[in-house]
Each structure stands twice: as structure tokens, then as C-alpha cells.
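Structure first, then comments.
The values are calculated or read from the model by the stated rules, or taken from the named source; none is laboratory data. This is a predicted model, so every value here is computed, not measured. Every residue, glycine among them, receives a Cβ derived from its backbone with ideal geometry; neighbour counts consider all protein chains shown. Please note that ligands, DNA and RNA were not included when accessible areas were found on the heavy atoms of the full protein model with its side chains. Shrake-Rupley method; radii C 1.70, N 1.55, O 1.52, S 1.80 Å.
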Amino acid sequence: MPGLIETTGDNLRQGAEEVSIFETGVVFKSDGENGVTEEFLSAGLITGGMENVFNVKMPRDFFRMKGIVGKVLKSFTGMDPVFAHPGDRLPFLYPHRQAEISVAGKTVGFAGQLHPLVTEAFEIDEELLCFEISVDRLLQSGSGKAKAGALPKFPGIKRDMALIVDEKEEAGGIVKTIIETDEKRIRSCRLFDLYRGKQVPEGKKSLAFSLFIMDDEKTLTDETGDRILATVLERVEKKHNAQLR
């Protein structure tokens, strides 16, 4: 963790306003008379404040970091992690801005806001939020569902599309619909732009998505990609009343 704090401080002094970093590796700890133990850890740190995401101001705070860590752990384990008040408070974190993280009843790490005395020691004026996860303990929890697979033999193709939808429509629901259209070949879908303006009717918004499509058994042609995209458009039109922009 000290290394992450130092790196963050260097970035801030170079003019960076929003810093988000993490690292994963083996950490060696003194075990008293028994010598040294090693543990595989993953730790991360973000600066506090506000940031502009698709023209919407969003806080960079404990709850934002908690959401990110929670989603990553759930994608790895298939279970929702539990964030609870720690039995033994960590002195380098704010007393009431820290949480113990557990999965399947096993404590795997912590999250919280660094105490001002810690940030001052590194000559940092910004709020810093951090987390640390023991990958070893996470694997020992028996909740892991991640599996290794063979590397793809065939290249994939990328398709972008912009949809005009009602303001009430959530991007997450549309992403889910897109992927469910062809879960075997649509490997990912991400939102990369949100637009409201003169080119979009009142009460509507434009959401732009990037799709990555791949087939494990053959190289996809442009024609196949176009057919998959057409099917996606039919489905989002029916389910979300979306129109291609």
C-alpha cells in the first residue's frame, strides 16, 4: 500500500486530477519467531472528489469504490461480497469509513478511506480511498467460479451502434439485452458515449455501444456481423423501444 500512495502522490504532483491505480503481487510479512510468510494480494487506490462521466457529475468516494470492488469480486466468485464494520479497526483508515470484506463467510480483505495523518505523511492533500484483497484467502473461501479456457483461434469483429431511447431507459438493461441476443458470440458490450442535444428529440437520449463479436469455430465475415447486429437492433427495438440513430 505505501508504494501505491507514493505513486499517487507523484501523479498528483505532476498535475493529474483523478488517479485510479492498483497492483497485484506477493507480499512478504514478518511472522515473529516463525520467520517470514508470503501472501498474494491485490490492492488499489483512488483519489476522492467528483468526476464527469458522460456529462454527469459522479462522486469518487467510498461507496463508488465499494461498488467497483463488489462487482469484481462477484464476477470472480459468483457471490455478493459482504462489507461490514471490522471487529478490529485499522488505525491507518478513518474510524467510520472502513469495512471488512468477506466472501462465503471468510474475511478476504478491507476497504476504506485513508486517515488524514497518513496522507499528510506522504504530503498529499487529497482524499484517498483504498482496498486490499487477499487472493489466497479468496481462493480458500471455495467460492471461485472462474475457469481458464483455451485462447481463441479465430479473430473477432467490432461493431458500434448508437441508439435513441427514452430518458428512463437504463444503459445496463440495454447492455444485458444486447448480450442475451447471442450470448455465444457477443463477447462484450460497453457504453462509450451518451448524448443529449439538438439532434435528439426532447425526452430522449442517445447511447452509443461498442460490441465485440467472436465465434470459437470460425472466422466471422462482415455479413455475419451485420446479421447479428440486425438481430440485436430488432430485439432492443422490441424490448426498449430503441431506434438506430
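Return only the number of the condition from (1) open to solvent by less than 20 Å² (accessible area, probe 1.4 Å); (2) within 30 Å of Ala230 (Cα to Cα); (3) of a type in the set (Ser, Thr, Tyr) that Thr77 does not satisfy.
(2) is the only condition that Thr77 fails.
Could you go through region 76-96 and let me know if any residue there is within 19 Å of Gln140 (Cβ to Cβ), touching a residue at least 60 places away in the same chain (Cβ under 8 Å), of a type in the set (Ser, Thr, Tyr) and assigned to a helix (DSSP H, G or I).
yes
Looking only at region 121-137, which residues are more than 15 Å from Arg60 (Cβ to Cβ), open to solvent by less than 50 Å² (accessible area, probe 1.4 Å) and either among the basic types (Lys, Arg) or in contact with a Ser or Thr (Cβ under 7 Å, 6 or more places away or on another chain) (or both)?
Ile133, Val135
Anything in region 209-227 that is out of contact with any Cys (no Cβ under 6 Å at 6 or more places or on another chain) and assigned to a strand (DSSP E or B)? List them, or say none.
Of everything in region 209-227, those that are out of contact with any Cys (no Cβ under 6 Å at 6 or more places or on another chain) and assigned to a strand (DSSP E or B) turn out to be Ser210, Phe212, Ile213.
Of all residues in region 201-216, how many are at pLDDT 90 or above and closer than 21 Å to Arg187 by Cα?
9
For region 92-120, name all the residues that are exposed (fewer than 13 other Cβ atoms within 10 Å of the Cβ) and within 25 Å of Asn11 (Cα to Cα).
Scanning region 92-120 gives Leu117, Glu120.
Considering only residues that are small (Gly, Ala, Ser) and either surrounded by fewer than 12 Cβ atoms within 10 Å (Cβ to Cβ) or part of a loop (DSSP other than H, G, I, E, B) (or both), which ones fall in region 174-208?
Correct list: Gly197, Gly203.
Run down Phe92, Phe28, Phe62, Phe110 and say which single residue is within 15 Å of the chain's Cα centre (by Cα) and among the hydrophobic types (A, V, I, L, M, F, W, C).
Phe62
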